[in-house]
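Some notes on the structure that comes next.
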């Protein structure tokens, strides 16, 4: 396990922040009054049960969804004040690794990685090629993989392809939506290593949504745990833990301990009683 | 669950009608906004050649076989169906006229559009729906591309340009199919077939058919892309989007056909009043 040398980064104004953010889909509220900061250079993990709004939180941070209430701040400025053009420009500073990688089916890996460059930067083809090849190499993808279609790739290769595509635009922040879900333990560790290398070599701030306890032990500087809104009392905060990875396994809140230890507890009785 | 059932049971028929009307108005409003955004992006600039050419190939070239077969058989079916009535009136030599006018003004555009709503519209909805459920549309936005400009505008252009062309192909092949059956099976003289086929159809009929095809093409593209973009979750959602794309496009084609037919008739009457000497 590599040393985590990243905690000494200088704390500054939060690069990303949520202020009283709520989000509903129809009559179903998923997020309620969420407030937390992401500091420049840190890697934050967002954990919680399925359906508690982790992926929605990432999409709100990216500006792919709008909050029903509250504000998302990029470098201290609310994104709701931005024009569509400004939002488009600033969104390029944030990379997103989607849960299923979301590689474009109709393009091979090379074209997928080159897509963002072609779309946003007027670069000569030779330069695009050199950026793509360099990033593929850094993600451990051989040149022969570059000409394969996404359907021909394993889950791990697809995830690395998605990560390479996001990193090709040199983002300041990377959002990882369940980066190790569905991968074998070895490939999960490869992805964890890539997240760490991305942070250390490129000084990229990271937000990782994960269920994977190995990732949780290895990758983040800080953890935020969300609890499903439907299981909360009316005035209870949805963030049930915000702190370091070292302390989470002995957290005071039994819901947090139960989650990180993978214990169903009274849930079993609740399920069977229903 | 039981409380939900109770609530649903309590809803009166008036409630249900109200819900249907609201859903319909909401759907039309959403479709209109979607079309408006698409037109805005269309005017903002054309999509890149690398995006539009594959779409033109998919909509145009790959639809050609189905349009050829459909057109050919429509022409032959028209010959079979009309022959009996024309023989009774001793007008069988004029079979070419009814086949051509039916094809050019009505059946060519409508049936070509219906075939393409099935082949192209459903495929578009399924493709865009799959992209939505696999987060590829979100990925486009994350990579700085506007999904409407990148995905919808090329499909709209392809349908708008190529569906009228495919309708013309269907018309021509249908006339050939009608000619083949009329002359080779029903024994009608080839000269009379083409004489009436060509002389009975005016420029106005041809333009009416083409204008209808333009509207049908636009409707297929907008409705199908809208369904794809609003696809529900999972395989079932994609399947439903593909089915809805065809059904809604089909309905749109028939509704547009009615209103465009009425409009063309009105225009024809106006033109005849303004210029009674001209042949329309």
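The values are calculated or read from the model by the stated rules, or taken from the named source; none is laboratory data. Only a predicted model underlies this, so the values are computations on that prediction, with no experimental measurement involved. All Cβ positions, glycine included, derive from the backbone under ideal geometry; neighbour counts span all protein chains shown.
For the range A:59-73, the tally of residues that are more than 14 Å from chain B (Cβ to nearest Cβ) and surrounded by 19 or more Cβ atoms within 10 Å (Cβ to Cβ) stands at 4. Within the range B:223-237, the set of residues being more than 20 Å from the chain's Cα centre (by Cα) and assigned to a helix (DSSP H, G or I) comprises B:234, B:235, B:236, B:237. In the set (1) surrounded by fewer than 24 Cβ atoms within 10 Å (Cβ to Cβ); (2) in contact with a helix residue (DSSP H, G or I) (Cβ under 6 Å, 6 or more places away or on another chain); (3) not in a helix (DSSP H, G or I), residue B:246 fails one condition alone, (3). The residues of the range B:45-56 that are part of a helix (DSSP H, G or I) and surrounded by 12 or more Cβ atoms within 10 Å (Cβ to Cβ), listed by number, are B:51, B:52, B:53, B:54, B:55, B:56.
Taken together, A:85, A:118, A:137, A:89 contain a single residue that is more than 9 Å from chain B (Cβ to nearest Cβ), under 18 Å from residue A:168 (Cβ atoms) and either assigned to a helix (DSSP H, G or I) or without any contact (Cβ under 8 Å) to a residue 12 or more places away in the chain (or both), which is A:137.
With respect to residue A:218, is the statement that it is more than 16 Å from residue A:55 (Cα to Cα), within 14 Å of another protein chain (Cβ to nearest Cβ) and surrounded by 15 or more Cβ atoms within 10 Å (Cβ to Cβ) true? Against the criterion (more than 16 Å from residue A:55 (Cα to Cα), within 14 Å of another protein chain (Cβ to nearest Cβ) and surrounded by 15 or more Cβ atoms within 10 Å (Cβ to Cβ)), residue A:218 does not qualify. Is at least one residue of the range B:132-154 within 14 Å of the chain's Cα centre (by Cα), away from chain A (no Cβ under 14 Å) and either over 15 Å from residue B:70 (Cβ atoms) or modelled with pLDDT under 95 (or both)? No, because not a single residue in the range B:132-154 is within 14 Å of the chain's Cα centre (by Cα), away from chain A (no Cβ under 14 Å) and either over 15 Å from residue B:70 (Cβ atoms) or modelled with pLDDT under 95 (or both).
Scanning the range B:57-76 for residues that are surrounded by fewer than 19 Cβ atoms within 10 Å (Cβ to Cβ) and under 30 Å from residue B:152 (Cβ atoms) yields B:57, B:61, B:62, B:64, B:65, B:66, B:68, B:69.
Every residue, every condition in (1) within 12 Å of another protein chain (Cβ to nearest Cβ); (2) in contact with a helix residue (DSSP H, G or I) (Cβ under 6 Å, 6 or more places away or on another chain), yes or no:
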{"site": "A:151", "(1), (2)": "yes, no"}
{"site": "A:155", "(1), (2)": "no, no"}
{"site": "A:161", "(1), (2)": "yes, yes"}
{"site": "A:168", "(1), (2)": "yes, yes"}
{"site": "A:177", "(1), (2)": "yes, yes"}
{"site": "A:181", "(1), (2)": "no, no"}
{"site": "A:185", "(1), (2)": "no, no"}
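Filtering the range B:262-280 to residues that are surrounded by 10 or more Cβ atoms within 10 Å (Cβ to Cβ) and without any contact (Cβ under 8 Å) to a residue 40 or more places away in the chain leaves B:262, B:263, B:265, B:266, B:267, B:269, B:270, B:272, B:275, B:278.
Residue check: is residue B:79 buried (at least 24 other Cβ atoms within 10 Å of the Cβ) and under 12 Å from the mean Cα position of the chain (by Cα)? Working first, answer last.
Numbers: buried (at least 24 other Cβ atoms within 10 Å of the Cβ): yes; under 12 Å from the mean Cα position of the chain (by Cα): no.
Judged against the criteria, residue B:79 is not a match.
When residues in the range A:92-112 are screened for being within 10 Å of chain B (Cβ to nearest Cβ) and not in a loop (DSSP other than H, G, I, E, B), 6 of them pass.
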